[in-house]
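Asks: To start, I am sharing the structure in question, which I have written as structure tokens.
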Amino acid sequence: MLAWDWALFQALNSLAGRWPAFDGLIRFLMNDYALTTALSALLVVLWFRGRTPEERRADHAAVLCTIVALLIGMAALKGLNLLYFRLRPFTAHDGVTLLFYHPSDSSLPSNAAAVAFTFAAGAARRSTWLGALGAALGVLLGLSRIIGGVHYPLDIVAGALLGVATLALVERCSRPLTLLLRGVRGLAALLYLA
Amino acid sequence: MLKFVSTYLALSYLAFAALVSAGVLQVLAAWRALAGLALFDYRRRPAWRHACGPLLIALGYVWFFATRRELITPGPAGAELTILFGGGVALALAVTLPAAAILRPYRPQATSTGPEAMQAHPARLAPGEATLLQDAAQSQPGPAICLLPDPAAPREPLLDLADRLARRGWLVLVPAWGEALQRYPDALALVPAAMAFLSRHPLADANRLAVAGVGLGADLALRAAAEDRSIRAVVALAPLWEPANARPSLGLLAEMTYPEALRWGLRGRRGRLLDGLASTQALPRIAPRPALVLYGGDDAVVPLSEVRTRLQTAELRTMPGVGHLSLAASPEAAANVAQWLDDNL
């Protein structure tokens, strides 16, 4: 498994450092701002897109579930990092082309992929095309992070699974969120935003 | 602890998030025709109007990524970025909502077909003023109707319906719902006064009296018809039924700007009035007299699924592609109401 992971990483990372324009594109995709902002904007779309009161109620519940899943996912990721620490590819191996700064936290699971796929799964709960857009952005983020030398493919897959699983867990246990949803929607409604 | 690494970078990201969010809001306004968020009338061509949202998003990305050199160095943590993004959304809303209220591209347009042939007279009722419309050529008593506007919505769309009915030989009375009557039970005085006026009018057939209303006016019409047996037919356009539907909601911004939405609530009086009018309980008492309840298929204020379960004694029709406020202005709705009244009275 790890051999396959390393081989795939090498194949993708070998694309970095060849063409400056391509490196620029990868840096644009892999940084902490570009795609995560686009993914966050999916929740804005989800919050405002509902046409009927029923649609809006369900959309707002999905947004809230996603935010709670993000928080739980991040806590779970920190916990996993305490249990298992995987060195970043550029630390563990020579000859890795790095297009980014040197992150010092564990490589597995990928924090960025966990965030991206939580957003994507949350959006997919209410809209197939928003979910597909989120998943496409998540795949781009994951690929760019492998090409840029900061993650192994397995880190991305594990991060994505963590994100999707956390959202599924929050959805299954969403009953305690009902009060929170009512409170958040009540506050937003005071401003005509729910 | 929040550190944000660099204040300059954090503020830049806040501005970037605000620009992107403002663009997303314009995409939504164009996609969903949200009056409260729209800076342009996106329902109209040319297509470049639809480019406003994507252009703002692109502008945000180009500015942020072309001017920041520190983007591939350690920046704010995930939680900090989340807070900054939330701040950006708030900033975008704080700019978009007032800007949309000032530009107001979805101004309701008068659709009147020209009341030249109609005679519109001011009329005096005990609780306040009213407008009486009649066909100048009419000389025999005919059906008469009291059209109740929503107290916070413009009267023009309703006058268009009044004009249409007057052209079909109806005597139409449109009372003004003044602020003094926007309380329960004071509001209950409005319809009896209008009915008394109509039944005494020489051009009104006292056996063919109807009442219709829009929004809160529809709830009042239902309640009045339940109590007054001289009312032979009722038309309710987008009644609200419950105080819950009068609460501030995003649905209002689909059809109004933010200040209009604030005014629509009548500073809490709308909910209290609905509570008092209890039109849900009034509806069964109207039967067997005919009642028509009409909604726009895109009504963003009243949940239509709940309405469908509630209506057993009235006929429900929905107008596809029409919203809550635009229902009264819809020529299809007006034609539907006029035809239904002709058929049932």
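Asks: Would you mind giving the mean number of other chain beta-carbons within 10 Å of the Cβ of each residue in A:83-95, as a whole number?
Replies: 0
Asks: Okay, moving on. Please say if region B:7-103 is rounded, prolate or oblate, where rounded means a/c under 1.5 for a ≥ b ≥ c the square roots of the C-alpha gyration tensor eigenvalues, and otherwise the choice is prolate for a/b larger than b/c and oblate otherwise? Each step should come with its number before you reach the end.
Replies: Values: a/c = 3.00, a/b = 1.93, b/c = 1.55.
Prolate shape, in that a/c is at least 1.5 and a/b is the bigger ratio.
Asks: Follow-up. If you bin every alpha carbon distance in the protein assembly as shown into 10 Å steps from zero, what whole percent lands in each bin?
Replies: It works out to 4, 17, 23, 18, 13, 11, 8, 5, 2, 0, 0, in whole percents.
Asks: OK, next. Just to check I understand the Karplus step: with θ = phi - 60° and J = 6.51 cos²θ - 1.76 cosθ + 1.60, what whole-Hz values come out for region B:260-268, glycine and proline as x?
Replies: Coupling constants for region B:260-268: 5, 5, 4, 5, 4, x, 6, 6, x Hz.
Asks: Please compute, for the alpha-carbon atoms of region A:1-97, the extent along each of the three principal axes and give them in descending order in Å.
Replies: 56, 38, 21 Å, listed from the longest principal axis down.
Asks: Also, I was wondering about something else. With N residues in region B:118-344, what two-decimal value do you get for its Cα radius of gyration over 2.2 N^0.38 Å?
Replies: Numbers: Rg = 16.0 Å, N = 227, 2.2 N^0.38 = 17.3 Å.
Dividing the Cα radius of gyration by 2.2 N^0.38 Å gives 0.93.
Asks: Rounded to the nearest 0.05, what FRET efficiency do B:Ala287 and B:Glu332 have when you use their Cβ-Cβ distance and R0 = 30 Å?
Replies: For B:Ala287 and B:Glu332, the calculated efficiency is 0.70.
Asks: Now for a separate question. Work out from phi, with θ = phi - 60° and the Karplus expression 6.51 cos²θ - 1.76 cosθ + 1.60, the ³J(HN,Hα) of each residue of region B:78-90, listed in order in whole Hz, and give x for Gly and Pro.
Replies: Listing the rounded values in order: x, 5, 5, 5, 4, 5, 5, 5, x, x, x, 5, 4 Hz.
Asks: Here's something else I'd like to know. Roughly how crowded by other chains is peptide B:242-252, in terms of the mean Cβ count from those chains within 10 Å of each of its Cβ atoms?
Replies: The shielding value for this peptide is 4.
Asks: With a 10 Å radius around each residue's Cβ, average the other Cβ atoms per peptide and rank A:79-88, B:186-195, highest first.
Replies: B:186-195, A:79-88
Asks: Determine the shielding of peptide A:55-61 by partner chains: average, over its residues, the number of Cβ atoms on other chains within 10 angstrom of each Cβ.
Replies: Average per residue, whole number: 2.
Asks: How big is the antiparallel share of DSSP beta bridges in the protein assembly as shown, given as a percent to the nearest 5?
Replies: Approximately 35 percent, going by the DSSP bridge assignments.
Where a number appears in this text, it was derived from the coordinates with a stated rule and is not lab data. All figures in this text were calculated on a predicted structure; none of them were measured in a lab. So basically every Cβ, Gly included, is an ideal-geometry build from the backbone, and we count neighbours across all protein chains shown.
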